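Provided herewith is a single structure, encoded as structure tokens, for subsequent inquiry.
The values are calculated or read from the model by the stated rules, or taken from the named source; none is laboratory data. Owing to the predicted nature of the structure, the values given are computational and were not obtained by experimental measurement. Here the Cβ is made from the backbone with ideal geometry for all residues, glycine too, and neighbour counts use every protein chain on show. The accessibility values were calculated without ligands, DNA or RNA, using every heavy atom of the protein model including side chains. Shrake-Rupley method; radii C 1.70, N 1.55, O 1.52, S 1.80 Å.
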Amino acid sequence: MTLDWQVFMTDDGSGRTYGEWMLEAWRWTLAVAGTSWVVAMVLGAVIGTLRTLQSSPWLVRLGDAWVELFRNIPLLVQIFLWYFVVPKIIPAFQQVPGFTLVVFGLGFFTSARIAEQFKAGIQALPRGQRYAAMAMGFTTWQSYRYVLLPMAFRIVLPPLTSESMNLLKNSSVAFAVSISELTMFAMQAQEETSRGIEIYLAVTALYVVSAVVVNRIFALIERKLRVPGLIVAGATGGH
């Protein structure tokens, strides 16, 4: 078997090479993953926090319902629902780009998992932290803003690293609704060139590079924000 890497210098019929097409698909992958990560982090932090407000049982139930709904439906099914069903039910979504619908599906799915992590992080804090905030006269909002959430965020950084890497890999489901990301590029390019080995090896390398970069960024953040006794000294991202 002989590998022919010149395939990436070949014109794909539209005036660009397969290498240029692959890099464009990589940008789409990073765009989907990055935008979905922002949605998932914001919603996950909010929902996770709501689930720890024992003085507001309805907010706790709302948070629990969110997590159970989006965590228990397969991701691919959720992507199909957002792309094909939601625009039929809500006409306003018919004008929403497919990219945005995929971001909603992937972001909401991941937010349920991140909410669980934030809830666990807040509950892992010693009760004295909450009592100290109350003793200082902080409101509930101030207690979370200045005491609980900064500490909880540091605790959940390691699982957030793994979740961020999973989100990057899960972005591959966007191919199912014709978003031109890496997986779709690989499927189409190998059919057109019959050089599937080279195509999939290159795509795999890009996924690995992306995941390693995410891991290293979170590892750096962990070292900068580590709380002695709450995150193991010397731990790296994803562990």
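Limited to segment 47-74, what total is found for residues that are part of a helix (DSSP H, G or I) and either in contact (Cβ under 8 Å) with a residue 12 or more places away in the chain or surrounded by fewer than 13 Cβ atoms within 10 Å (Cβ to Cβ) (or both)?
Summing the residues that are part of a helix (DSSP H, G or I) and either in contact (Cβ under 8 Å) with a residue 12 or more places away in the chain or surrounded by fewer than 13 Cβ atoms within 10 Å (Cβ to Cβ) (or both) in segment 47-74 gives 17.
With respect to the numbered conditions (1) over 30 Å from Asn72 (Cα atoms); (2) open to solvent by less than 60 Å² (accessible area, probe 1.4 Å); (3) in contact (Cβ under 8 Å) with a residue 60 or more places away in the chain, which one is the sole condition not fulfilled by Pro158?
Condition not satisfied by Pro158: (1).
Filter segment 119-137 down to residues that are within 30 Å of Val173 (Cα to Cα) and open to solvent by less than 10 Å² (accessible area, probe 1.4 Å), then give me how many there are.
Restricting attention to segment 119-137, the residues satisfying the condition of being within 30 Å of Val173 (Cα to Cα) are 119-121.
Checking the rest, the ones that are also open to solvent by less than 10 Å² (accessible area, probe 1.4 Å) come to 121.
Residues that pass the stated criteria total 1.
Checking Trp82 against (1) open to solvent by less than 50 Å² (accessible area, probe 1.4 Å); (2) in a loop (DSSP other than H, G, I, E, B), which single condition isn't satisfied?
(2)
For segment 180-201, enumerate the residues that are of a type in the set (A, V, I, L, M) and either modelled with pLDDT under 90 or over 30 Å from Leu157 (Cα atoms) (or both).
Met184, Ala186, Met187, Ala189, Ile197, Ile199, Leu201, listed by residue number.
Turning to a different aspect of this structure: So which residues in segment 203-213 are surrounded by fewer than 21 Cβ atoms within 10 Å (Cβ to Cβ) and either in contact (Cβ under 8 Å) with a residue 24 or more places away in the chain or over 30 Å from Arg154 (Cβ atoms) (or both), if there are any at all?
Listed by number, the residues that qualify are Thr204, Ala205, Leu206, Tyr207, Ser210, Ala211.
Further, regarding this structure: Would segment 66-85 turn up any residue that is closer than 22 Å to Ala152 by Cβ and of a type in the set (Val, Ile, Thr)?
yes
Still on this model: Can you find, within segment 170-179, the residue that is farthest from Trp37 (Cα to Cα) among those that are open to solvent by 40 Å² or more (accessible area, probe 1.4 Å) and modelled with pLDDT under 90? Explain how you work it out, then say what you get.
From segment 170-179, those open to solvent by 40 Å² or more (accessible area, probe 1.4 Å) are 170, 175, 178; that's our starting set.
Now drop any that are not modelled with pLDDT under 90, which leaves 175, 178.
Values: Phe175: 18, Ser178: 20 Å.
Once the filter is applied, the top-ranked residue is Ser178.
Tell me whether segment 64-74 contains one or more residues that are of a type in the set (Val, Ile, Thr), modelled with pLDDT of 90 or more and closer than 30 Å to Leu125 by Cα.
Yes; the residues of segment 64-74 include at least one that is of a type in the set (Val, Ile, Thr), modelled with pLDDT of 90 or more and closer than 30 Å to Leu125 by Cα.
Further, regarding this structure: Scan Arg130, Arg216, Arg145, Arg223 and give me the residue that is more than 30 Å from Gly98 (Cβ to Cβ), in a helix (DSSP H, G or I), out of contact with any Lys or Arg (no Cβ under 9 Å at 6 or more places or on another chain) and modelled with pLDDT of 90 or more.
Arg216
Just to be sure before I move on: is Leu167 open to solvent by less than 40 Å² (accessible area, probe 1.4 Å), of a type in the set (A, V, I, L, M, F, W, C) and either outside any helix (DSSP H, G or I) or under 30 Å from Gln6 (Cβ atoms) (or both) in the structure I sent?
For Leu167, the condition - open to solvent by less than 40 Å² (accessible area, probe 1.4 Å), of a type in the set (A, V, I, L, M, F, W, C) and either outside any helix (DSSP H, G or I) or under 30 Å from Gln6 (Cβ atoms) (or both) - is not met.
Something else about it: Can you tell me how many residues within segment 1-12 are of a type outside the set (Ser, Thr, Tyr) and either in contact with a Cys (Cβ under 6 Å, 6 or more places away or on another chain) or without any contact (Cβ under 8 Å) to a residue 40 or more places away in the chain (or both)?
The total comes to 3.
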